[in-house]
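Here's the structure we're looking at; comments come further down.
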Amino acid sequence: MGTFHSDKGDLHGITVVVDTSGKQVFIGRCEEVTPVAVILNDAESHEEGSEGKSKDDFIRRAAQIGIWPKLARVAVPRGEVASIRRLGEIPLG
Amino acid sequence: MPYPEELVKPMREELTGIGVKELKDAAEVDAFLGVKSGTALVVVNSVCGCAAGAARPGVALALKHASKPDRVATVFAGQDTEAVAKARGYFADFPPSSPSLALFKDGQVVHFVPRHAIEGKTPQQVAAELSAAFDKHCGKAATG
């Protein structure tokens, strides 16, 4: 059974980790990567050190069970993006 | 907003056609998951081609494995919202995602496969992970 998604790039519909050069990291379902922003749907964000957890702690936990979506839609400015990775490719543990 | 039923029907039938019981409302979910003995797999189906396109045939392949759950059921995210909400209540420690797969043993979730663990996988890869979980938690049984 095929997809209903239009051609918005390889990451469209994929759950990705968007790390920034600052304190924030975002995880959500990629809508589109544009020259201006990475647009995520149903995303959760975490700030380094918040609730005693590092960004890596947050990413590892998400890789195990997923995320609790708190942001219906978020645009992360491309200038702040340090990396984009598929959550499914983050090693568990 | 739900997709037109005629569009979704083949996706339902991909699972019901192999003997997976479809749960359409909260009462059906409670009747299925209220049984606390034995093993049960719940497939949260979805229209999403990124992941559900591999999840459904992956489940079908896994159910041909020697070890399998005693009972298998499915709810359809975005379509049968009452049933999905009720089912998710039984694995509330895990964030909602669809498609996803929850394996129960004696009423407890013993293995959960969230959407992101299915994205980009082939049906064979999904089946391999599921079969490994079946080997660990289930005996040999018929589906239904």
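The values are calculated or read from the model by the stated rules, or taken from the named source; none is laboratory data. Here the structure is a predicted model, which means the values were calculated and not measured. All Cβ positions, even for glycine, are placed from backbone atoms using ideal geometry, and neighbour counts span all protein chains on display.
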Problem - Selection status of residue B:102, modelled with pLDDT of 95 or more, of a type in the set (Gly, Ala, Ser) and either within 22 Å of residue A:61 (Cα to Cα) or surrounded by fewer than 18 Cβ atoms within 10 Å (Cβ to Cβ) (or both) - result: yes
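Residue check: is residue A:74 farther than 22 Å from residue B:47 by Cα, of a type outside the set (D, E, K, R), touching a strand residue (DSSP E or B) at 6+ places or on another chain (Cβ under 9 Å) and within 10 Å of chain B (Cβ to nearest Cβ)?
So residue A:74 does not fit the description; no.
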Practice task
Quick one: count up the residues across segment B:21-46 that are in contact with a Ser or Thr (Cβ under 8 Å, 6 or more places away or on another chain) and among the small types (Gly, Ala, Ser).
Solution key: 1
Handout entry: Test result for residue B:89, surrounded by fewer than 15 Cβ atoms within 10 Å (Cβ to Cβ), within 15 Å of the chain's Cα centre (by Cα) and not aliphatic (A, V, I, L, M)
Key = yes
Problem - Candidates B:60, B:40 - the one that is touching a residue at least 12 places away in the same chain (Cβ under 8 Å), closer than 16 Å to residue B:72 by Cβ, out of contact with any Pro (no Cβ under 7 Å at 6 or more places or on another chain) and crowded, with 17+ Cβ neighbours inside 10 Å - result: B:60
Exercise for the section: Could you please let me know if residue B:119 is more than 14 Å from the chain's Cα centre (by Cα), under 24 Å from residue A:16 (Cβ atoms) and not aliphatic (A, V, I, L, M)? Expected result: yes
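Residue-wise test of (1) in a helix (DSSP H, G or I); (2) aliphatic (A, V, I, L, M); (3) within 14 Å of chain B (Cβ to nearest Cβ).
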| position | (1), (2), (3) |
| --- | --- |
| A:13 | no, no, yes |
| A:29 | no, no, yes |
| A:32 | no, no, yes |
| A:57 | yes, no, no |
| A:60 | yes, no, yes |
| A:83 | no, no, no |
| A:88 | yes, no, yes |
| A:92 | no, yes, yes |
